[in-house]
1. Restricted to region 34-65, and to residues that are surrounded by 19 or more Cβ atoms within 10 Å (Cβ to Cβ) and of a type in the set (A, V, I, L, M), which residue is nearest to Ala150 (Cα to Cα)?
2. Quick one: which residue in Val348, Val380 is surrounded by fewer than 17 Cβ atoms within 10 Å (Cβ to Cβ), closer than 26 Å to Ala263 by Cα and modelled with pLDDT of 85 or more?
3. Hey, could you check region 154-213 for residues that are buried (at least 16 other Cβ atoms within 10 Å of the Cβ) and without any contact (Cβ under 8 Å) to a residue 24 or more places away in the chain and say which is farthest from Thr36 (Cα to Cα)?
4. Select from region 214-235 the residues that are open to solvent by less than 30 Å² (accessible area, probe 1.4 Å) and of a type in the set (A, V, I, L, M, F, W, C) and write down the one among them that is nearest to the chain's Cα centre (by Cα).
5. Would you confirm whether any residue within region 133-140 is modelled with pLDDT under 90 and either under 25 Å from the mean Cα position of the chain (by Cα) or of a type in the set (A, V, I, L, M) (or both)?
6. What tally of residues in region 116-153 results from selecting those that are hydrophobic (A, V, I, L, M, F, W, C), open to solvent by 20 Å² or more (accessible area, probe 1.4 Å) and assigned to a helix (DSSP H, G or I)?
7. Identify, by number, the condition in (1) hydrophobic (A, V, I, L, M, F, W, C); (2) in a helix (DSSP H, G or I); (3) surrounded by 23 or more Cβ atoms within 10 Å (Cβ to Cβ) that Leu69 doesn't meet.
8. When you go through (1) open to solvent by less than 20 Å² (accessible area, probe 1.4 Å); (2) farther than 17 Å from Gly302 by Cβ one by one for Val361, which number turns out not to apply?
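The values are calculated or read from the model by the stated rules, or taken from the named source; none is laboratory data. Keep in mind that what you see is a predicted model, and the values were worked out from it rather than measured. Here the Cβ positions follow ideal geometry from the backbone for every residue, glycine too, while neighbour counts run over all protein chains shown. Side chains included, ligands, DNA and RNA excluded: accessible areas come from the protein's heavy atoms. Shrake-Rupley method; radii C 1.70, N 1.55, O 1.52, S 1.80 Å.
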Amino acid sequence: MTAAGDQPPAQGPSREPRRSTAAFASVLDQAASSLTNIAVLVIAARVSTAHGFATFSMVYLTFTVLLGLNMAYVGQAVVLIRGGTATTGAACRSAIVFTALGATAVGVLLTAVGAGSAALTGGWAGPGGAFLALGLVLPLVLVQDGLRYAFSTLRRPGLALAADSLRLVCVVPALLLQPRHTSPGLLVAVWGLSAVPALLLGLFLLWPHVRGTRADLLPYVRRGHLGQRFVVEFAVGNASSQLAVLGLGLFAAPLAVGALRGATTLFGPLNVLFNSVNAFGPPLLGRLGGRRATARAAAGLGAVLCAVGLAWGLVLYALPDGMGRQLLGATWQSASALLPASGAQYAVMGLGTCALVTLRVLSPRATLSVQVVFSLLSVVLMLAGYALTGSALGAAWGLAAGSALKAVAAWTRVARLRVEEQPAAAPVPAVPTG
């Protein structure tokens, strides 16, 4: 008899989907997830007062940060797992259990903070009630989102697409049915509870792949867990972007800030592609085996993303002014001037994204220094570009230069990797130090 932790899933699918099918499903899944986030904010703005939406946005930003931390600590580590069905099944089960326990602990803290704030201010309709609601629904929404990375590890992005599509189908009508001037706390509660059908479907689809395995949580609290490095990368990346916005607010005119954000918004579809590569690229590239094959495939994908970025920039640049004003309103005039720089930035971002994913597959510890140094350098170049030109266009070209340098540095790291191959499989998402 085999041990419980070594039993293969009894009812798992016998064949994996083709790479092209898996890639297409991963892009659609990321699109569904991104559309859900956009729909939530748009509908919340329509049914809230201005003050209520400000409160909801603050709470939703808190959730976004917690989601990113979980993605970095758990999701980005688990997708690097390679091995047989028992190995990946156990890793996925461990990841989901850890996410549930961690989200519950943070949720209890948020609930206590929200209740205390509401008691002190004497009202549940303000931030206190909204944070209390977030604490109550946090385990539901984090586990539901975390299932995406489990399915990615199992190379079943189609299952993630099914669950995330149901999430979109449920949350939109749930929020639309709320009356005008709904309190932020109620909106947060409805948004969170609407994840239950997608959560149940995701767990149902995951069960055949993890049945007979055991959850092992020790790697997540052990020193050397890869997620610790990925959290630092996430923190630096987000901190640098926030610092960039703050820097523009301090040194540039509000019109420059609006122009830069408007131009970035127009490239939102490319963010879907980049996020798909980050989420589903490691397990797909990991299937190729050798270092050379992995780097070659990633370079080809990077060239495709670079071409897509340039093509999208040209399409936007060719838009008639009337259509552009329908998209961005009065911001179009200032944002359209930045499209060449933003197009160049997103083109090199495609190359850089694929290089970082390659490093994450072949040498996960090599990405931290690149992310830290060149994320901060992008901020410096953005501010320097504005200082030299006195315009948002200079800032945009500074960001493009920073992205280009990060891509060059990442691909240089790939070229300098040791000839020796990394181990083909790791039973747990942890790498011992020393």
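1. Here is the first cut: in region 34-65, the ones surrounded by 19 or more Cβ atoms within 10 Å (Cβ to Cβ) are 36, 40, 43-44, 47-48, 52, 55-56, 59-60, 63.
Next, only the ones that are of a type in the set (A, V, I, L, M) stay: 40, 43-44, 47, 59.
Values: Val40: 24, Ile43: 29, Ala44: 30, Val47: 34, Val59: 26 Å.
Ranking the candidates gives Val40 first.
2. Working: Val348 fails: surrounded by fewer than 17 Cβ atoms within 10 Å (Cβ to Cβ).
After applying the criteria, what remains is Val380.
3. Top of the filtered list is Val190.
4. In this case the residue turns out to be Phe230.
5. Among the residues of region 133-140, not one is modelled with pLDDT under 90 and either under 25 Å from the mean Cα position of the chain (by Cα) or of a type in the set (A, V, I, L, M) (or both), which makes the answer no.
6. Going through region 116-153, the residues hydrophobic (A, V, I, L, M, F, W, C) turn out to be 118-120, 124-125, 130-134, 136-138, 140-143, 147, 150-151.
From what's left, open to solvent by 20 Å² or more (accessible area, probe 1.4 Å): 119-120, 124-125, 131-132, 136, 140.
Keeping just the survivors that are assigned to a helix (DSSP H, G or I) gives 119-120, 131-132, 136, 140.
Total satisfying the criteria: 6.
7. The one condition Leu69 does not meet is (3).
8. The number of the failed condition is (2).
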